[in-house]
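These notes are about the structure you will find just below.
The values are calculated or read from the model by the stated rules, or taken from the named source; none is laboratory data. No experiment lies behind these values; they were computed from the predicted model shown. Glycine also receives a Cβ, built like all others from the backbone with ideal geometry; neighbour counts cover every protein chain displayed. Just so you know, the surface numbers come from the protein's heavy atoms only, side chains and all, with ligands and any DNA or RNA stripped out. Shrake-Rupley method; radii C 1.70, N 1.55, O 1.52, S 1.80 Å.
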Amino acid sequence: MSNLLSAFRLAKLPAATDLFRAEVKAFLQSSFEPGPPDIRARSWMGFNAAFSQKLAARGWVGVTLPAAYGGASLDAFSRFVLVEELLAAGAPVSAHWIADRQSGPLILKFGSEAQRQFYLPKICAAEAFFCIGMSEPNAGSDLASVGTRATRCAGGWRLNGRKIWTTNAQHCHYMIALVRTSGEPQDRQSGLSQFIVELSLPGVTVRPIHDLTGDAHFSEVFFDDVLLADDALVGQEGSGWAQVNAELAFERSGPERIYSSIVLLDHWIDCLRHAPDAAVHAATIGRFATHLATLRHMSIAVTSKLVNGESPVVEAALVKDIGTEFEQSIPAVLEAAIAMNPDAPVDADLYRALAYVSQISPTYSLRGGTREILRGMIARGLGLR
């Protein structure tokens, strides 16, 4: 246990990030028109290509990618600050989010030079949006049992199967899909590879899935004899499992795993500034603040490992699991706080934001790896299984 816990040594954001944070705040004040809190609460689920292109014009999409490929050559600490400010403001970042966070770094690390030259400048210009093809209808949370298959054929690969819970597939240009290139699902991690799939290709069908909130950011994607060129393969054939685990370290470690409900919390606190019973909730606010401060330090510690070139898979899983509990606790506690005084008027914006977050928050413990899978990884990291 001590080995895993010692990974969370206190790490601080470099002093240089203070200037960058001020620059980001100034940009948001001049270029982002805040909407009502129920819209801003969507933030990294809010798709707005025009806003992503504004960020790209400042060099803030693909910020950690090298300048040679159109990136800003900044480190993961700078990206942490950028993400933190965007989420706190409730900016709609979903369009470029996946490509910036993981698809770009994955292509940089494992892709060919031709792939880097083609895709990375488009990502940094917010001209190419990516989605993730991992989950499948019959695989549940067991990613190693995926059955979507790519088979070698004349001219490249023939792809058949389907993916589900694919965020923004209906809006994206590309998917990086984890598929089987050899063996059977019972072979588990062996025989898995990753491919870049252009979603406009013949044989690709995208069907949006509406959730309880009325949004349709999830999709089911079908592949029916989709012909992929040889250069669609990312990295080495059969290396998909190692590659996808490196990708998940990026997905699970950032501020988005602790700030999903932050707009709601901020608006509730603003409402309390004018409420006669505000003092009743002081202890609750204090608990949220201390919980968030601890999670933030843990997330920064994981970010420091990424800066050092490490792949903190287990540490990121721990932050994601605890962070999800924090994010889900906010709407639950606020509902109870409001119910304490049923005769008191409720701010209409607060009510709508709380309704949205309450409905969407059950997905927090599904996306990026279910709670059960993450805890299994953590248990292995602790040497308990």
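If the condition is being open to solvent by 20 Å² or more (accessible area, probe 1.4 Å), assigned to a helix (DSSP H, G or I) and among the polar types (S, T, N, Q), then segment 45-101 contributes only GLN53.
Applying the criterion of being of a type in the set (A, V, I, L, M, F, W, C) and in contact with a Pro (Cβ under 8 Å, 6 or more places away or on another chain) to the residues of segment 284-315, the residue that is surrounded by the fewest Cβ atoms within 10 Å (Cβ to Cβ) is LEU306.
Do we find that GLN170 is under 25 Å from ALA216 (Cβ atoms) and not basic (Lys, Arg) in this structure?
So GLN170 fits the description; yes.
Within segment 311-337, which residues are more than 19 Å from THR213 (Cβ to Cβ), in a helix (DSSP H, G or I) and in contact with a Leu (Cβ under 8 Å, 6 or more places away or on another chain)? Passing the criteria: VAL313, VAL314, GLU315, ALA316, ALA317, LEU318, VAL319, LYS320, ASP321, ILE322, GLY323, PHE326.
Within the bounds of segment 157-168, is there any residue that is free of Cβ contacts under 8 Å to residues at least 40 places away in the same chain and not hydroxyl-bearing (Ser, Thr, Tyr)? Walk me through how you get there before you give the answer.
So in segment 157-168, the residues free of Cβ contacts under 8 Å to residues at least 40 places away in the same chain come out as none.
Looking for residues that are free of Cβ contacts under 8 Å to residues at least 40 places away in the same chain and not hydroxyl-bearing (Ser, Thr, Tyr), one finds none in segment 157-168, hence no.
Is it the case that THR167 is assigned to a loop (DSSP other than H, G, I, E, B) and not basic (Lys, Arg)? For THR167, the condition - assigned to a loop (DSSP other than H, G, I, E, B) and not basic (Lys, Arg) - is met.
Residues considered: ARG296, ARG287. Of these, the only one that is basic (Lys, Arg) and more than 17 Å from SER260 (Cβ to Cβ) is ARG287.
Residues in segment 373-385 that are under 26 Å from THR167 (Cα atoms) and in contact with a helix residue (DSSP H, G or I) (Cβ under 7 Å, 6 or more places away or on another chain) were compared, and the one that is surrounded by the most Cβ atoms within 10 Å (Cβ to Cβ) is LEU374. Scanning segment 103-118 for residues that are open to solvent by less than 10 Å² (accessible area, probe 1.4 Å) and within 13 Å of VAL61 (Cβ to Cβ) returns SER103, GLY104.
Collect the residues in segment 140-157 that are touching a Ser or Thr at 6+ places or on another chain (Cβ under 6 Å) and buried (at least 18 other Cβ atoms within 10 Å of the Cβ), keeping them in residue-number order. Reasoning before the result, please.
Step one: of segment 140-157, the residues touching a Ser or Thr at 6+ places or on another chain (Cβ under 6 Å) are 141, 150.
Passing the criteria: only ALA150.
Applying the criterion of being open to solvent by 70 Å² or more (accessible area, probe 1.4 Å) and part of a helix (DSSP H, G or I) to the residues of segment 340-372, the residue that is nearest to GLY214 (Cα to Cα) is GLN359. The criterion of being open to solvent by 10 Å² or more (accessible area, probe 1.4 Å), modelled with pLDDT of 85 or more, under 19 Å from ARG371 (Cα atoms) and out of contact with any Asp or Glu (no Cβ under 9 Å at 6 or more places or on another chain) holds for LEU318.
Once segment 287-313 is narrowed to residues that are of a type in the set (Val, Ile, Thr) and modelled with pLDDT of 90 or more, the residue that is nearest to PRO14 (Cα to Cα) is ILE300. Checking each residue in segment 129-151 for being touching a residue at least 24 places away in the same chain (Cβ under 8 Å) and either part of a helix (DSSP H, G or I) or farther than 19 Å from GLU247 by Cβ (or both) picks out PRO137, LEU143, ALA144, SER145, GLY147, ARG149, THR151.
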